[in-house]
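Read-outs throughout are calculated quantities, based only on the coordinates presented, and are distinct from any laboratory measurement. Predicted model only: the values in this text are computed from it and were never measured. Cβ atoms come from the backbone with ideal geometry, glycine included; neighbour counts cover every protein chain shown.
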Amino acid sequence: MKRIAIIGAGMAGLTVGIQLNDFAIVELFEKSRRVSGRMSTRYANNYQFDHGTQDFTVRDQAFKKFLAPYMKTGILKEWKPKLMLIEKGYVAKTKNWTEKHYVPSPKMNELCVAMAKGINVQLNTEIIRIEKKEQGWLLYTKDKQEFGPYEWVINTTPAPQAEKLLPDSFSGHQYFKKCKMFGCYTLMLALSAPWKWEWEAAIVRNSLISWMTLNSNKPDRSNEQTLIVQTDNEWSENHIDEAKSNIQHIILEELNSLLSYDFSDSQYLTTHRWRYSDIKQAAGVDYHLDHEQQLGACGDWFIKGRIEAAFLSGYKLANSMKKKLC
Ligand SMILES: Cc1cc2nc3c(=O)[nH]c(=O)nc-3n(C[C@H](O)[C@H](O)[C@H](O)COP(=O)(O)OP(=O)(O)OC[C@H]3O[C@@H](n4cnc5c(N)ncnc54)[C@H](O)[C@@H]3O)c2cc1C
């Protein structure tokens, strides 16, 4: 069997791993302590926050079929929050979603954790360089570990990171150039007083805040009341290198003003910076395989900043590779 290295254990990397696991010897490399990437859960004191992905929709039949077992076992649940549209300067309006939205239970990373079962994932392993030798591709880490040789390397990191990692000989560099990504800030709060608003999730307009969720009211979350506040794409991009303490102050002031309430005495307050969050301009193809170099790239940024897009990019790449591996 051929040996394949996959860099990144988010939705795209895990999808490739699952699809190819019976066709090759698959090894995933993930720089973080846990799998999930932008579908992660933040653990802080006794609190847990879905600080990246909030929920997702399922439109494609392949994605629906893939998720069916997770729905059956209750790892994936439909989420029907009381939804509000808050437009600064206008009266807030209730809103209804027109399609089903899903969340993993009891926390966001649960789906990727379940997907990773049975796959060889090396955590805490940041790949900083890959090199082609006579025997195949070798992968190197910061602390000078060497992995390989592999016949194929598939990169699933966001485009700017992939561009640095894949060699100049990779035929897909045009896609790195084409893709533009937004950053985002997530403010996480553990509330010190009972929640007094009717909504559980809010779309926000005319503000540096774009989205808020009463995280603790999602399916099967713990009883501690927690709130997630996420910033607008354009605003985030314009402030992406600012000091986090300053950013936190600005977001908190805006939140206080939007809800006419002072959240500064929250039991826990922290801010996460997502340098690569959403997609401003996608690569415009589903994935890229360089058959000559035996290198590939996939991830949400090829299609759209959505979980379903990350799945489909990985799924389609893997299906195309299966034909070569059989
Ligand atoms: C704040 C926020 C809110 C979002 N909200 C939603 C939403 O509500 N609905 C929705 O559908 N989507 C949402 N998304 C988008 C969604 O999270 C992404 O589309 C999806 O998770 C991308 O998956 P991926 O596998 O392509 O990339 P990632 O999840 O980024 O996975 C890439 C992985 O590669 C790892 N990695 C990077 N460099 C290296 C290296 N050198 N060596 C080893 N590992 C490396 C990373 O740690 C990461 O785990 C949101 C994203 C963010 C950040």
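Key figures for this structure:
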{"read-out": "Value of Rg/Rh across the range 239-326 [Cα atoms, Kirkwood radius]", "value": "1.24"}
{"read-out": "Ratio Rg/Rh [Cα only; Rh per Kirkwood] for the range 25-136", "value": "1.09"}
{"read-out": "The chain: relative contact order in percent, alpha carbon pairs under 8 Å with at least 6 residues between", "value": "22 percent"}
{"read-out": "Electrostatic dipole magnitude of the range 230-282 [Cβ: Lys, Arg +1; Asp, Glu -1; Cα centre; debye, to 20]", "value": "240 debye"}
{"read-out": "Built amide H within the under 5 Å cut-off of Ile279, gap 5+", "value": "Phe182, Gly305"}
{"read-out": "Extension gain, Ala44 back to Asp220 (0.36 nm per residue minus Cα-Cα distance, nm)", "value": "61.6 nm"}
{"read-out": "Pairwise label distance in nanometres, Gln174 with Glu198, each label 7 Å out on the Cα-Cβ vector", "value": "5.3 nm"}
{"read-out": "Residues Thr57, Thr98, sorted so that the one with the fewest Cβ neighbours within 10 Å comes first", "value": "Thr98, Thr57"}
{"read-out": "Segment Gln248-Thr57, extension gain: residue separation times 0.36 nm, minus the distance between their alpha carbons", "value": "65.8 nm"}
{"read-out": "Mean ellipticity per residue at 222 nm, deg cm²/dmol - from DSSP H runs of n ≥ 4 across the chain, formula -39500 (n - 2.57)", "value": "-7500 deg cm²/dmol"}
{"read-out": "Lysine pairs in the range 156-301 with Cα atoms under 18 Å, if 8 or more residues apart or on separate chains", "value": "7"}
{"read-out": "Debye intensity ratio I(q)/I(0), log10, the range 92-163, q values 0.20, 0.21, 0.27 Å⁻¹ (C-alpha model)", "value": "-1.03, -1.08, -1.27"}
{"read-out": "With at most 11 other Cβ atoms within 10 Å, longest stretch of the chain clear of loop GluC sites (Glu not before Pro) (DSSP)", "value": "1-98"}
{"read-out": "Cα-based equivalent ellipsoid, the chain: semi-axes from gyration tensor eigenvalues, Å", "value": "37, 21, 18"}
{"read-out": "Efficiency of FRET from Cβ geometry, Lys88 and Gln267, R₀ 30 Å, rounded to 0.05", "value": "0.65"}
{"read-out": "Sequence of Thr226, Thr125, Thr94, Thr157 once ranked by neighbouring C-beta atoms within 10 Å, starting from the fewest", "value": "Thr94, Thr125, Thr157, Thr226"}
{"read-out": "Cα convex hull volume per residue for the range 1-41 (Å³)", "value": "57 Å³"}
